[in-house]
1. Could you line up THR139, THR199 from fewest to most neighbouring Cβ atoms inside 10 Å?
2. Can you tell me how much longer the chain between GLU231 and LEU194 gets when fully stretched, taken as 0.36 nm per residue apart minus their C-alpha distance, in nm with one decimal?
3. Mean separation of Cα pairs under 8 Å and 6+ residues apart, divided by the residue count of the range 17-260: what relative contact order is that in percent?
4. Have a look at SER134, ALA110, LEU253 and report the one farthest towards the positive end of the charge dipole of the range 17-260, computed about the Cα centre with Cβ charges (Lys/Arg +1, Asp/Glu -1).
5. With Cβ to Cβ distances under 13 Å as the rule, what net charge do the other residues near SER159 carry (K, R +1; D, E -1)?
Amino acid sequence: MGLKGENSGSDGVSERSVEEGAGAGNGYENSESRGCTSELSVHFLQKLIAEVLGTYFVIFAGCASVVVNIIKGSVTFPGICIVWGLVVMVMVYSVGHISGAHFNPAVTLAFASCRRFPWKQVPAYIIAQVVGSSLASLTLRVMFGGDQKHFFGTIPTGSDVQSLSLEFIISFYLMFVISGVATDNRAIGELAGLAVGATVLLNVLLAGPISGASMNPARTLGPAIVMNRYEGIWVYIVGPITGTIAGAWAYNLIRFTNRPLREITKSGSFLKSLRSNGTK
């Protein structure tokens, strides 16, 4: 999720795994593939497949924990929070170096608004994310039935305005963290997945009982489409999109400095510095 040139450095662009295809062979603007239409298409297709699969597993695991808890009562609310945080972390590390691990139309739009993701790829990414979410929701419906009592989507439990406010705040928080750990080469890039997963866990713990803590239009749209239940759907489109865009731009306001931190610490990577110290 970010601009290629700004994230490259001596420690390699792969550390910004949450960014758009940051890593060797990130593809679409790779000079080696420039001018070769078929290779460009293959690289982009790989990104879309990664987004579909990544979103599928995120939504499947998170929503499965919800529906299993409704039926069996064994997961508990803290357990649901942990599942959401863990699955996001795992999938960021799994496919972040391929597609950027957006899994979220709001995140894709936020990076595009900051010129850290090409606008021409936005529609395809959003479609891939919604498809992944819908397939995961369909899988859960087949497994657990279509009883509305087992609905695993997000619906405001209070007023729409209350849920909208919460969705804006937690989406802002999430995107602010993503921007910090995934797009700034002064950050500890190897811990990006852990930081993003922990933020999701905290947000679900905080906002889950009120708004469902969507933070992601695809997370809400998939179950809504499959279960044909659209109450308050606008809250989960407007809130996350405006929140993530605001969060991305807020981080941009504090991003700039005359001297990168790696020049001060003489290390571009916290983990690399630990390894180098350990060999001395």
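1. The fewest-first ordering by Cβ neighbours comes to THR139, THR199.
2. 10.1 nm
3. Normalised by residue count, the contact order of the range 17-260 is 28 percent.
4. Of the candidates, LEU253 comes out farthest on the positive side.
5. Residues near SER159 contribute -3 overall.
Since every read-out is calculated from the coordinates, none of them should be taken as a lab result. This one's a predicted model, so the numbers in the text were calculated from it and none came from an experiment. Please note: Cβ atoms are built from the backbone with ideal geometry, for glycine as well, and neighbour counts cover all protein chains shown.
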